[in-house]
Amino acid sequence: MLADRVPTELLVLVTAVIARPGESAGDWWANTGHGEAFRAQATRDGIPLDEDPSDAHTYYQGVPDELVAGAEADVRGQSGTPFDAAWPLDAWPAVPTHVVLCTEDRFFPAPFMRELVTDRLDPATPVTELPAGHLPMLSHPTELAAILDRAWAVRRPSGRRRSSRPGAAAPGRAGRR
């Protein structure tokens, strides 16, 4: 929604819920068939359907143990508002969008996400597949950063990095080199 209010040059979706206009996050799960996709992935992974897969299995595959402990220590309760409120925009923002599809994601399985991206975004939306689970920022930060850099470079064919705000730091440059 912010991209509809402030100058935005690129949206990158990583393991994202992609809502339709008027759809609440609460409705998204049933509307997309996520439950069936999740159960099919659990079956492929050999997880009995009468068991609830652990967070380690579902979200943290490939994440070093010390990062899992830190991430779990920082978990806070989620407000119910996003699950009840409909997405208020009339259409996807007119902003270049790039999708990072994590091929090993057990929570948003790759076949499910491929279908979701095709169904809910412009068919020309670039998709980069990354062999990672649901939290690539923890399990594959270097690879994810490289994808973000490439998405930015493709967004701006000259490869030049500049901000839409005078005096602001260039996107992706803070804390680097």
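Evaluate the chain: find the radius of gyration of its Cα atoms, find its Kirkwood radius, and give the ratio Rg to Rh.
On the way: Rg = 17.5 Å, Rh = 18.1 Å.
For the chain, the value is 0.97.
So if R0 is 22 Å, what FRET efficiency would T118 and D4 give, r being the distance between their Cβ atoms, rounded to the nearest 0.05? Please list the in-between numbers first.
Values: r = 23 Å, r/R0 = 1.05.
E(calc), rounded to 0.05, equals 0.45.
What shape does region 71-164 take by its C-alpha gyration tensor, where a ≥ b ≥ c are the square roots of the eigenvalues and a/c under 1.5 counts as rounded, a/b above b/c as prolate, and the rest as oblate?
Working: a/c = 1.42, a/b = 1.16, b/c = 1.22.
Rounded, since a/c falls under 1.5.
In deg cm²/dmol, rounded to 500, what helix-only [θ] at 222 nm does the chain give when every DSSP H run of at least 4 residues adds -39500 (n - 2.57) and the total is split over its residues?
On the way: 8 runs with 66 residues, N = 177.
Computed ellipticity for the chain at 222 nm equals -10000 deg cm²/dmol.
Quick check: net charge around W87, other residues with Cβ under 10 Å of its Cβ, Lys/Arg +1 and Asp/Glu -1?
Spelling it out: positives minus negatives among the neighbours equals -2.
Within region 9-25, whose backbone N sits under 14 Å from a point 7 Å along Cα→Cβ of A85?
22-25
Which length gain, in nm to one decimal place, applies between E36 and V95 when the Cα-Cα distance is subtracted from 0.36 nm times their residue separation?
Working: separation 59, 0.36 × 59 = 21.24 nm, distance 3.11 nm.
Separation in residues times 0.36 nm, less the Cα-Cα distance, equals 18.1 nm.
Name the long-range amide H neighbours of L13: under 5 Å, sequence gap of 5 or more, or other chain; modelled H, no Pro or chain starts.
Sorted by chain and number, the residues that satisfy this are H98, V99, V100.
Within 14 Å, Cβ to Cβ, of E23, how many net charges do the neighbouring residues add up to if Lys/Arg are +1 and Asp/Glu are -1? Can you show the working numbers first?
Values: positive: R20, R120; negative: D27, D84, D90, D119.
Once positives and negatives cancel, what remains is -2.
Rg to Rh for region 1-90: what is it, with Cα atoms only and Rh by Kirkwood? Please report the intermediate quantities before stating the final value.
Values: Rg = 16.5 Å, Rh = 16.1 Å.
Looking at region 1-90, the ratio lands at 1.02.
Of the heavy-atom accessible surface of the chain (probe 1.4 angstrom), what whole percent is carbon and sulfur? Please list the in-between numbers first.
Values: 5710 of 10700 Å².
Taking all protein chains in place, the chain shows 53 percent carbon and sulfur surface.
Give the residue list of GluC sites (Glu not before Pro) in region 46-124 that are DSSP loop and have at most 11 other beta-carbon atoms within 10 angstrom. Write down the numbers at each step before the final one.
On the way: sites: E51, E66, E72, E104, E115; in loops: E51, E104.
Counting only loop positions with at most 11 other Cβ atoms within 10 Å, the GluC sites (Glu not before Pro) in region 46-124 are E51.
The values are calculated or read from the model by the stated rules, or taken from the named source; none is laboratory data. This is a predicted model, so every value here is computed, not measured. Cβ: placed from backbone, ideal geometry, glycine included. Neighbour counts: every protein chain shown. Remember, those area values only see protein heavy atoms, side chains included, never the ligands or the DNA or RNA. Shrake-Rupley method; radii C 1.70, N 1.55, O 1.52, S 1.80 Å.
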